[in-house]
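See below for the structure under consideration.
The values are calculated or read from the model by the stated rules, or taken from the named source; none is laboratory data. From a predicted model like this one, the values you see are computed outputs, not experimental measurements. Neighbour counts run over all protein chains shown; Cβ positions are idealised from the backbone, glycine included. Areas reflect the complete protein model, heavy atoms only, side chains present, ligands, DNA and RNA absent. Shrake-Rupley method; radii C 1.70, N 1.55, O 1.52, S 1.80 Å.
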There are 2 protein chains.
Amino acid sequence: MSNNTSCDICKVVKESKNPVFDTNYWIVLLANDQAYLGRCYVSLKRHCGDLSELKNEEWKDLFKVISRLEKSVKTSFNAVLFNWTCLMNMAYQNSPPNPHIHWHFRPRYNHSVNFSGLVFQDPEFGHHYAREHERSFEVPSDIQNKIIERMQNS
Amino acid sequence: MSNNTSCDICKVVKESKNPVFDTNYWIVLLANDQAYLGRCYVSLKRHCGDLSELKNEEWKDLFKVISRLEKSVKTSFNAVLFNWTCLMNMAYQNSPPNPHIHWHFRPRYNHSVNFSGLVFQDPEFGHHYAREHERSFEVPSDIQNKIIERMQNS
């Protein structure tokens, strides 16, 4: 459903091999950095850069994605709350900008979680997410796959 | 429609005198800090702390609010893009937490805007919003009212 050859997100959507799940309109991919365990990107499958231009059925479907994803991480890792952001700033570093709607999903925890030999912590719980914190916590692909599997089986 | 006496956001929703606009389910209030000119809070009128628990008609209505608000700030001040976030972290600093769904709306600009004798700038355009930047830019209520008026008449 992607259609813009110069868009990095279209490329990722098209080439992704192991989504957490997808629907008719959205695809949920685990982020490489897992400082906030279960952190995902939720991307629209078609190329569109403006929230206001979403179709009604895409907006309706997004609500189902939110509910399903939150439930999955709550069941899997006992996340307490969830931060959702739709920013698209980086697309405007290029000229012309070529934004593609995607949401950042960050589960937040008031407790540490032991999973696959790693300890996941959220020292900023109750406060804004810390981008420095997450940049330092890229996890190997085998652990990423285990996180995905756990989320899929929750 | 608010119903939780210990919730600060219910109180704000109930007592607000000058919203940018409201609908059956949501109310749009201008933030005191206007580092990102047109920055608003979009709050659910009823007390509910979990996105997954929104009613279908509330979710549907939110889409209309997003479109209307973005159009208003684009027309008023020529904003380039918009950052939307739903976080609710602070509610979890209290025990028990008592979250109330609200969205942060930050218009972003690749140009400075002169309005009512003030110059609004977005030096971080193309990057994540800077919370330090906005904390330092509270504007007087008469200017806030002019911003609201401009947005209402756009």
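With charges only on Cβ, +1 for K and R and -1 for D and E, what is the dipole size of chain B about its Cα centre, in debye, rounded to 20? Can you show the working numbers first?
On the way: 18 positive and 17 negative charges, 69 e Å.
That gives a dipole near 320 debye.
Nearest 0.05, what FRET efficiency do B:E53 and A:N24 give at R0 = 22 Å with Cβ-Cβ as r?
Values: r = 24 Å, r/R0 = 1.07.
E(calc), rounded to 0.05, equals 0.40.
If I ignore ligands, DNA and RNA and count only protein heavy atoms, how much of B:I143 is accessible to a 1.4 Å probe, in Å² to the nearest 10?
Around 10 Å² of this residue is reachable by solvent.
Normalised by the residues of chain B, what does the relative contact order come to in percent, with Cα pairs under 8 Å and at least six apart?
Details: 240 pairs, mean separation 44.0, N = 154.
Once normalised by length, the contact order is 29 percent.
Go through region B:66-90 and flag every residue whose accessible area shrinks by 50 Å² or more with all protein chains in place compared to the isolated chain (probe 1.4 Å).
Residues passing the criterion (a loss of at least 50 Å², heavy atoms only) are B:L81, B:W84, B:L87, B:N89.
Look at the axis of the rotation that sends chain A onto chain B, then give the chain A residue with the nearest Cβ and the distance in whole Å.
So the closest residue, with its distance, comes out as A:T85, 2.
Under the rule that a partner needs its Cβ under 4.7 Å from the first Cβ, which Cys of chain B have none?
B:C40, B:C48, B:C86, each lacking another Cys Cβ under 4.7 Å.
From the phi of every residue in region B:95-108, what ³J(HN,Hα) in whole Hz does the Karplus formula 6.51 cos²θ - 1.76 cosθ + 1.60 yield, where θ is phi - 60° and glycine or proline is x?
10, x, x, 9, x, 9, 4, 8, 10, 9, 10, 10, x, 10
Would you mind giving the three semi-axes, in whole Å and largest first, of the ellipsoid equivalent to region B:30-154 according to its Cα gyration tensor? Intermediate results must be reported in sequence, preceding the final value.
Numbers: eigenvalues 137, 61, 37 Å².
Three semi-axes, in Å: 26, 17, 14.
Report B:S141's accessible area, 1.4 Å probe, all protein chains in place, as a number in Å² to the nearest 10.
Looks like 80 Å² after rounding.
Please state, as a whole number in µm²/s, the translational diffusion coefficient that the Stokes-Einstein equation yields for the protein assembly as shown at 25 °C and 0.890 mPa s, with Rh defined as the Kirkwood radius across alpha carbon pairs. Numbers along the way, then the final one.
Details: Rh = 20.3 Å.
Stokes-Einstein gives a translational diffusion coefficient of 121 µm²/s.
I want to make sure I understand the PRE zone here: with the label point 7 angstrom from the Cα of B:Q121 toward its beta carbon, which residues in region B:42-82 have backbone N atoms less than 16 Å away?
Backbone N within reach: none found.
Tell me the per residue accessible area of the protein assembly as shown using a 1.4 Å probe; a whole number in Å² is fine. Could the numbers behind the result be given before it?
Values: 14880 Å² over 308 residues.
Here the residues of the protein assembly as shown average 48 Å² of exposed surface.
Roughly how many percent of the accessible protein surface of region B:27-154 is carbon and sulfur, given a 1.4 Å probe and a whole-percent answer?
Numbers: 2520 of 5610 Å².
Answer for region B:27-154: carbon and sulfur cover 45 percent of the accessible area.
Taking A:E149 in one copy and the same position in all the others, each labelled 7 Å out along Cα→Cβ, what are the pairwise distances from the first, in nm, shortest first?
6.4
Assuming R0 = 45 Å, can you tell me the calculated FRET efficiency for the pair B:K17 and B:S95, based on Cβ-Cβ distance, to the nearest 0.05?
Details: r = 32 Å, r/R0 = 0.71.
Given R0 = 45 Å and the Cβ-Cβ separation, E is 0.90.
Would you please name the trypsin sites (Lys or Arg not before Pro) within region A:34-118 that are DSSP coil residues with at most 14 other C-beta atoms within 10 Å of their C-beta?
On the way: sites: A:R39, A:K45, A:R46, A:K55, A:K60, A:K64, A:R68, A:K71, A:K74, A:R108; in loops: A:R39, A:K45, A:R46, A:K55.
Sites meeting the loop and neighbour criteria: A:K55.
If amide H atoms are built 1.01 Å from N in the plane of the peptide, which residues on other chains or at least 5 residues away come under 5 Å of the amide H of A:C48?
A:I101
With +1 on each Lys and Arg Cβ and -1 on each Asp and Glu Cβ, and nothing else charged, work out how big the dipole of the protein assembly as shown is about its Cα centre, in Debye to the nearest 20. The partial results should precede the final answer.
Working: 36 positive and 34 negative charges, 117 e Å.
Dipole of the protein assembly as shown, to the nearest 20 debye: 560 debye.
Longer than 19 Å from Cα to Cα, which of A:K17/A:K45; A:K64/B:K60; A:K14/A:K60; B:K17/B:K146; A:K14/A:K146; A:K60/B:K60 are they? Say none if no pair is. If you can, show how the numbers build up before the last one.
Working: A:K17/A:K45 14 Å; A:K64/B:K60 12 Å; A:K14/A:K60 22 Å; B:K17/B:K146 15 Å; A:K14/A:K146 22 Å; A:K60/B:K60 7 Å.
As for pairs spanning more than 19 Å Cα to Cα, those are A:K14/A:K60; A:K14/A:K146.
Roughly how much accessible area, to the nearest 100 Å², goes out of reach of solvent when A and B pair up, both sides summed, probe 1.4 Å? The partial results should precede the final answer.
On the way: alone 8890 and 8910 Å², together 14880 Å².
Buried surface at the A/B interface: approximately 2900 Å².
Only counting protein heavy atoms at a 1.4 Å probe, give the residues of region A:113-154, ordered by number, whose accessible area falls by 50 Å² or more when the other protein chains are present relative to the chain alone.
A:G126, A:H128
Relative contact order of region B:1-51, please, whole-number percent, based on alpha carbon pairs below 8 angstrom and at least 6 residues apart. Walk me through the numbers before you get to the answer.
Details: 64 pairs, mean separation 17.8, N = 51.
Once divided by the residue count of region B:1-51, the mean separation gives 35 percent.
For peptide B:96-102, compute the average count of partner chain beta-carbon atoms within 10 Å of each residue's beta-carbon. It would help to have the intermediate numbers written out before the result.
Values: counts 0, 4, 0, 1, 0, 0, 0.
Mean partner shielding for this stretch: 1.
Report ³J(HN,Hα) in whole Hz for each residue of region A:45-57, in order, from the Karplus equation J = 6.51 cos²θ - 1.76 cosθ + 1.60 where θ = phi - 60°; Gly and Pro get x.
So the J values, rounded to whole Hz, are 6, 9, 7, 7, x, 9, 3, 5, 9, 4, 7, 3, 5.
How much accessible surface does B:V12 have with a 1.4 Å probe, in Å² rounded to 10?
So the heavy atoms of B:V12 present about 80 Å² to solvent.
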